[in-house]
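One structure is given here, and the rest of the page talks about it.
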Amino acid sequence: MAAVEAAIVGAATPAADGLESHLVALNAAYAKAIDDGRFEDWTGFFLDPCLYKITTAENVARGYEGGLIYADSRAMLQDRVTALRQVSVYERQRYRHIIGLPTILEEVKSTIRAETPFLVVRIMRTGEMDLFATGRYDDRVAHDGGVLRFRQRIAICDSARIDTLLAIPL
């Protein structure tokens, strides 16, 4: 957990006028943890309880609540990491995130609702690169002990076509 605290020091609880830069720092640290394969640190970006879900724009438009990946607590996120490390069998791969600038949609009490575009390139062990996913994050971010953490992160993929190798968090 200390590594996450150090990684998101740039996302320390902001003054109202610097909120966007703190969200940028939070998103950058989040993406770096995943891209560097530090999945154990990934769980520390979330409050407990939380909601993490990967879904499609089509599902959102139709009002479907389910997700391709769904977790509603940090324990469920930690179980996902354990499965990635010890149980799941998948071809070695890594991601490179390109994260856009967040748009703050609203701020109510201590929770910020923001939307941020993303693009994820998947790099296979052979060096082959594919555009893996594009979409947007629908986030609820809250202040927690001097840092920002995700209360909710829903990765809404633009395409309904999702590769079966969706193992690593987006």
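Details
- Test for T43: is it in contact with a Leu (Cβ under 7 Å, 6 or more places away or on another chain) and under 16 Å from S159 (Cα atoms): no
- Evaluation of D48 against (1) out of contact with any Asp or Glu (no Cβ under 7 Å at 6 or more places or on another chain); (2) within 19 Å of E115 (Cα to Cα) (one fails), failing number: (2)
Here is a yes/no grid of residues against (1) among the acidic types (D, E); (2) touching a residue at least 12 places away in the same chain (Cβ under 8 Å); (3) in contact with a strand residue (DSSP E or B) (Cβ under 9 Å, 6 or more places away or on another chain):
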| position | (1), (2), (3) |
| --- | --- |
| S21 | no, no, no |
| A25 | no, yes, yes |
| Y30 | no, yes, yes |
| F39 | no, yes, no |
| L51 | no, yes, yes |
| G67 | no, yes, yes |
| A75 | no, yes, yes |
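- Within the stretch 113-127, the set of residues being closer than 11 Å to L23 by Cα and touching a Lys or Arg at 6+ places or on another chain (Cβ under 7 Å) comprises R113, E115, T116.
- Taking the criterion of being among the hydroxyl-bearing types (S, T, Y) and modelled with pLDDT of 90 or more, the residues of the stretch 57-94 that qualify are Y64, Y70, S73.
- Residue count for the stretch 88-110 satisfying the condition of being surrounded by 16 or more Cβ atoms within 10 Å (Cβ to Cβ) and of a type in the set (S, T, Y): 1.
- Filtered residues of the stretch 141-162 (kept if basic (K, R) and exposed (fewer than 15 other Cβ atoms within 10 Å of the Cβ)): R161
The rows are residues; the columns are (1) hydrophobic (A, V, I, L, M, F, W, C); (2) over 15 Å from I154 (Cβ atoms).
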{"residue": "I54", "(1), (2)": "yes, no"}
{"residue": "G63", "(1), (2)": "no, no"}
{"residue": "S73", "(1), (2)": "no, yes"}
{"residue": "F118", "(1), (2)": "yes, no"}
{"residue": "R136", "(1), (2)": "no, no"}
{"residue": "D139", "(1), (2)": "no, no"}
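- Subset of the stretch 119-170 (residues that are charged (D, E, K, R) and modelled with pLDDT under 95): R122, R125, E128, D130, D144, R161, D163
- Within the stretch 1-15, being more than 21 Å from L77 (Cβ to Cβ), out of contact with any Ser or Thr (no Cβ under 9 Å at 6 or more places or on another chain) and either outside any helix (DSSP H, G or I) or at pLDDT 50 or above (or both) holds for A12, T13, A15.
- Taking the stretch 38-54 as the range and being assigned to a helix (DSSP H, G or I) and surrounded by 18 or more Cβ atoms within 10 Å (Cβ to Cβ) as the test, the residues that pass are F39, D41, W42, T43, G44, F45.
- Restricted to the stretch 55-170, the set of strands (runs of 3 or more DSSP E) holding at least 2 residues that are within 16 Å of the chain's Cα centre (by Cα) comprises 69-71, 93-99, 111-124, 129-144, 147-157.
- Failed item, numbered, when R122 is tested on (1) over 22 Å from G44 (Cα atoms); (2) basic (K, R); (3) exposed (fewer than 15 other Cβ atoms within 10 Å of the Cβ): (3)
The values are calculated or read from the model by the stated rules, or taken from the named source; none is laboratory data. All values derive from a computational prediction rather than experimental measurement. Here the Cβ is made from the backbone with ideal geometry for all residues, glycine too, and neighbour counts use every protein chain on show.
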